1. Given Cα pairs under 8 Å that are at least 6 residues apart, what percent is the relative contact order of the chain?
2. Can you pull out the GluC sites (Glu not before Pro) in the stretch 647-711 that DSSP calls coil and that have at most 15 other Cβ atoms within 10 Å?
3. Looking at this model, which pairs from 635/695; 199/411; 122/688 are more than 31 angstrom apart at the alpha-carbon?
4. Does anyone have the angle between helix 315-325 and the longest principal axis of the chain? Alpha-carbon axes, 0 to 90°, nearest 10?
5. Straight-line reach from residue 246: which lysines have a Cα under 21 Å away, not including same-chain ones fewer than 8 places off?
6. Which pairs break 20 Å Cα to Cα here: 615/667; 344/376; 295/699; 108/148; 486/546?
7. If eta is 0.692 mPa s and T is 37 °C, what Stokes-Einstein diffusion coefficient results for the stretch 61-114, Kirkwood Rh from Cα pairs, in µm²/s?
8. What does the highest-first list of 191-204, 270-283 look like by mean Cβ count within 10 Å?
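The values are calculated or read from the model by the stated rules, or taken from the named source; none is laboratory data. Because the structure is a prediction, the values reported are computed rather than measured. Cβ placement follows ideal geometry from the backbone for every residue including glycine, while neighbour counts extend to all protein chains displayed. For the accessible areas, the whole protein counts, side chains as well, though only heavy atoms, and no ligand, DNA or RNA atoms are used. Shrake-Rupley method; radii C 1.70, N 1.55, O 1.52, S 1.80 Å.
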Amino acid sequence: MKKNKRTNVVSKLVLLFFVLAFLVITGRFLYIQVSGEVKDQNLKQLAKETREISFELEAERGKIHDSNGMILAYNRPTYRVFAILDENRKTRTNAPDHIVDSADTAKKLSSVLDIDEKEIKKKIDEGKEKGRFQIEFGTKGRKLPQEKKEEIEDLQLPGIHFLEDSIRYYPNGMFASHILGFARQNEEDETVGVTGIEKEMNESLSGKNGYIYYHRDSYGNKLLNPNEVVQKAENGHDIYLTIDQKVQTLLEDVLSQVDEQYEPEKIMAVVMNPKTGEIVAMSNRPSFNPNDPGKVKNWYNDVISSPFEQGSTMKIFTWAAAMEEGVYDGKEKFKSGKYIINEKVRAISDHNNGKGWGKISYDTGFRRSSNVASSKLIWEKMDPDDFLKYLKNFDFDKPTNIDLPSEGQGKILFDWPAEKLTTSFGQGSTTTAMQLIKAASAIANEGNMMQPYIIKKVVDSNTGEVVEENNPSVVGQPVSKETADKMMDLMASVVNSKDGTGKNYRLKDYTVAGKTGTAQIPNPDGDGYLPGKSNNMYSFVGVAPKDDPQLLMYVAVKQPKLRGDETGSEPVAFIFNNVIENGLHYLNIEPDKESDDDSNEHTRTMPQVIDKTVKQAKKDLENISENITVVGDGKNVLAVNINEDEEVVYGQHIMLITDKPTIPDLKGWSSRDVYQLGTLLEIDVKVKGNGFVTKQNIKKGSKIDKKVTLEVELKKP
């Protein structure tokens with residue numbers, strides 16, 4: 001009886017325990033069902049994260065083109081390699097999708113990634129010990145080209161995967177770098193423009209990212225019915241610039257030559273179509289390679305950002321103001337040499353140490369660049385305040401509003417008599433090169449001052465539709481057509497008369513109208529200016545052909561190292577003459593001067609040479625260029641660096657890629673040539689230094705290996 005009673009009590013207690021446990025568990029299930037949470041973890045969200053996955057679809061940054069459609073900047077695909085360590089990860093066929101043999105994986109990866117085998121194995125083993133799902137391999141495992149990705153894939157290593165990245169790539173290296181600027185990844189891993197067009201048009205170039213969403217299984221694989229949702233990315237707009245790749249190339253080449261020969265502090269040059277305001281070419285030295293922005297010596301686009309005392313190029317606007325006021329008589333004579341308005345104001349002296357040329361006419365004063373003549377014009381012939389009005393009409397008191405970032409502007413100093421006098425011949429007051437060429441467009445374009453611009457159009461890369469387009473715009477008429485025509489005649493006399501200061505700027509086939517400038521450089525350590533002929537800013541603004549202006553160019557060279565009897569105009573003239581003469585021929589502008597011979601300086605049309613024998617191709621190119629490099633020892637031509645029917649300036653470097661290409665001797669090549677070769681051979685190129693090639697890491701005659709980067713070292717001669 002007692003035993004049965006005890007058994008009943010135990011049974012009741014056990015039953016009570018199970019009832020309580022059931023109620024607790026049931027209550028817990030009901031709570032979870034109602035609240036949807038366990039330990040503050042939202043089960044619905046957890047299930048969603050476990051069963052659902054989404055990826056961001058990155059929008060491709062828009063391309064930048066020149067006026068003819070040549071690509072100057074684009075996104076180049078690269079890859080990042082990573083390894084999965086989680087041993088539960090398998091493929092659909094139940095094969096392992098994780099690192100199985102760390103030693104074998106390290107051995108095979110090390111040769112491709114150029115990472116020590118032991119370092120890779122250590123990274124894998126440490127990752128496994130710490131329970132990591134996946135690992136990466138540092139900087140050497142990122143930004144891999146397509147060739148290296150394929151090489152790793154051929155190893156068939158389980159657990160090795162890739163993520164696609166992209167880098168901003170500039171195929172022409174140091175080409176229009178201050179115009180293009182560069183873009184780089186920010187902390188959010190977004191590509192953002194830092195300078196130039198990349199910065200100015202960052203929003204248009206960036207586009208809008210999309211996404212992809214689907215259901216997956218426990219291994220991360222897409223289900224058969226994944227409920228997939230795709231929002232396509234909207235790629236960024238393409239930007240077309242007004243610059244012409246051929247004229248820009250001419251400019252880049254001659255600037256590099258002058259930079260190497262004269263080692264100036266700075267060079268600034270810009271070419272404009274004076275009838276439209278389109279910037280055809282623009283460059284500076286020092287420059288940089290936007291593919292390697294870590295070595296930038298000069299961030300500023302000096303053409304638009306750096307105001308300075310212009311010197312005698314400003315006399316164009318002094319004479320134009322006097323003509324427009326109706327007080328100018330070019331035949332009237334004055335005493336040159338020195339000019340004193342009163343004892344309190346320092347005497348104005350002509351540039352030949354104040355000796356002058358005796359009594360000369362005002363026309364002669366312009367040709368000889370007389371400071372006395374300009375001072376007398378604004379002080380005696382005009383009211384100085386009227387002259388100031390013309391300076392403002394030429395927009396020297398405001399920025400040009402060109403479509404580039406970081407534009408600066410000069411300052412007109414016009415408070416004291418001495419400042420008014422010196423401003424008339426370009427001293428004291430400052431302007432930028434872009435301000436000056438904008439003002440000069442009024443003289444070259446019948447009195448109509450054009451708005452300078454460098455963005456031709458913005459195109460939707462998804463539809464091809466033109467989203468935005470710039471057109472020529474007249475932004476002022478500071479002088480009449482009659483005054484502009486008279487000034488063009490006077491500027492032509494500077495170049496073509498025996499007593500003109502611009503004789504070095506005469507061209508063989510075209511008549512040039514222009515004005516020279518020699519500006520002293522303020523002494524940074526005190527009052528006054530730096531002494532010596534090398535301590536000047538030498539400049540020239542010129543237009544050709546004189547009677548039908550097609551190209552307007554401004555060049556300034558700061559502190560060139562002149563030797564012996566060299567003059568400051570020599571490096572400036574070398575730049576101007578080469579760019580304008582060859583540029584006009586390339587644009588098929590009819591010469592306005594008679595020529596005795598059919599000059600080799602004229603441009604030619606590139607013939608079709610691809611698929612021809614090397615022998616026949618060289619024969620077809622005899623009248624095109626003497627500067628021909630045959631790449632390899634094959635018999636037939638597979639590729640060439642200049643497209644068929646393109647205009648070629650005589651002497652331009654032509655590369656013929658044969659069907660058995662090898663690395664040529666690159667000694668003496670420019671960085672642009674090396675980058676072109678890399679593009680043709682589809683190999684990566686790394687350039688170090690400036691100037692011309694002196695060393696290369698791959699020997700002449702070596703077979704092409706797309707896995708190896710061609711590295712060259714450049715030095716100034």
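1. Normalised by residue count, the contact order of the chain is 11 percent.
2. Those that pass, being in a loop and sparsely packed, are 682.
3. Details: 635/695 28 Å; 199/411 26 Å; 122/688 33 Å.
The pairs that break the limit, which is 31 Å between Cα atoms, are 122/688.
4. 60
5. List returned: 63, 275, 456, 457, 508.
6. Numbers: 615/667 24 Å; 344/376 17 Å; 295/699 27 Å; 108/148 13 Å; 486/546 12 Å.
Exceeds cut-off: 615/667; 295/699.
7. On the way: Rh = 15.1 Å.
Estimated diffusion coefficient is 218 µm²/s.
8. On the way: 191-204: 20.6, 270-283: 25.4.
By packing density, highest mean first, the sequence is 270-283, 191-204.
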